[in-house]
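The structure under discussion appears below in the form of structure tokens.
The values are calculated or read from the model by the stated rules, or taken from the named source; none is laboratory data. Values in this document were obtained by computation on a predicted structure and should not be read as measured data. Please note: Cβ atoms are built from the backbone with ideal geometry, for glycine as well, and neighbour counts cover all protein chains shown.
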Amino acid sequence: MIDTRMRLVALLALSPFALALWHAVLARVLRSAKSPQAVAMLASATGAPIAGAPVWLFALRHALTGGQVFWGVVYAALVYSGIAYCYFHLFNISETSRRLRILSEIWLKKEIEPKQLSINYHPEHQIKVRLERLVATRQLKVEEGFYVLDRTVLHRAALAIAAWGDFLRRPLGEP
């Protein structure tokens, strides 16, 4: 039984990669979709059979009793659901963060003039605020009037996310 459990855990640990690959396929096939979030949600919702097939083939069908199979399926479904939920929100956070901030700002103040929103969300103001945050977190530093990288953790994460976005935007059939 330990062997079956270990295979189950190992296969579930690989499910984020299966989900990411499925998302890439859907993003290429559904290039005309108006919402990247809708494609990510569709990938999360329909990726269960793709992630679940190896779980069944290499782990759960080898369980000794019907109860072990049942609870293994329940466990795998819960774990995959959690992974899909996290994947969707990780993908979604960059798509909606500004809209959420605007909505919460209006909620807190009860009302806000469009002119004030234009000032708060003017590109120059947004860049200034982001640069200040990057300097404050020591991701950037100012040397001789220029911004230069200080720490590279966020920079490497940004490169990885940008590469993934480029990959998702490629037409089907392109490497």
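Some notes on this structure:
- N92 falls short on exactly one of the conditions (1) over 23 Å from L21 (Cα atoms); (2) within 19 Å of the chain's Cα centre (by Cα); (3) surrounded by 14 or more Cβ atoms within 10 Å (Cβ to Cβ), and that condition is (1).
- Breaking point among (1) in a helix (DSSP H, G or I); (2) exposed (fewer than 12 other Cβ atoms within 10 Å of the Cβ), for V148: (1)
- Just one of the listed residues (F88, F17, F58) is more than 22 Å from I161 (Cα to Cα) and either aromatic (F, W, Y) or modelled with pLDDT of 85 or more (or both), and it is F58.
- Residue ID - farthest from A20 (Cα to Cα), chosen from residues in the stretch 71-85 that are of a type outside the set (F, W, Y) and surrounded by 13 or more Cβ atoms within 10 Å (Cβ to Cβ): G72
- Test: N120 is in contact (Cβ under 8 Å) with a residue 24 or more places away in the chain and within 29 Å of S35 (Cα to Cα): no
- Scanning the stretch 1-24 for residues that are free of Cβ contacts under 8 Å to residues at least 40 places away in the same chain and either in contact with a Lys or Arg (Cβ under 6 Å, 6 or more places away or on another chain) or of a type in the set (A, V, I, L, M) (or both) yields I2, M6, V9, A10, A13, A18, L21.
- Residues that are touching a Ser or Thr at 6+ places or on another chain (Cβ under 9 Å) and hydrophobic (A, V, I, L, M, F, W, C), drawn from the stretch 59-90: A59, L60, A63, L64, A76, V79, I83, A84, F88
- The number of residues in the stretch 125-137 that are at pLDDT below 80 and surrounded by fewer than 10 Cβ atoms within 10 Å (Cβ to Cβ) comes to 0.
- Filter result (within 18 Å of R169 (Cβ to Cβ) and surrounded by 20 or more Cβ atoms within 10 Å (Cβ to Cβ)) within the stretch 27-56: A27, V39, A40, A43
- Across the stretch 26-69, the number of residues qualifying as touching a residue at least 24 places away in the same chain (Cβ under 8 Å) and either β-branched (V, I, T) or under 19 Å from Y87 (Cα atoms) (or both) comes to 17.
- Residues located in the stretch 80-122, provided they are acidic (D, E) and assigned to a loop (DSSP other than H, G, I, E, B): E111, E113
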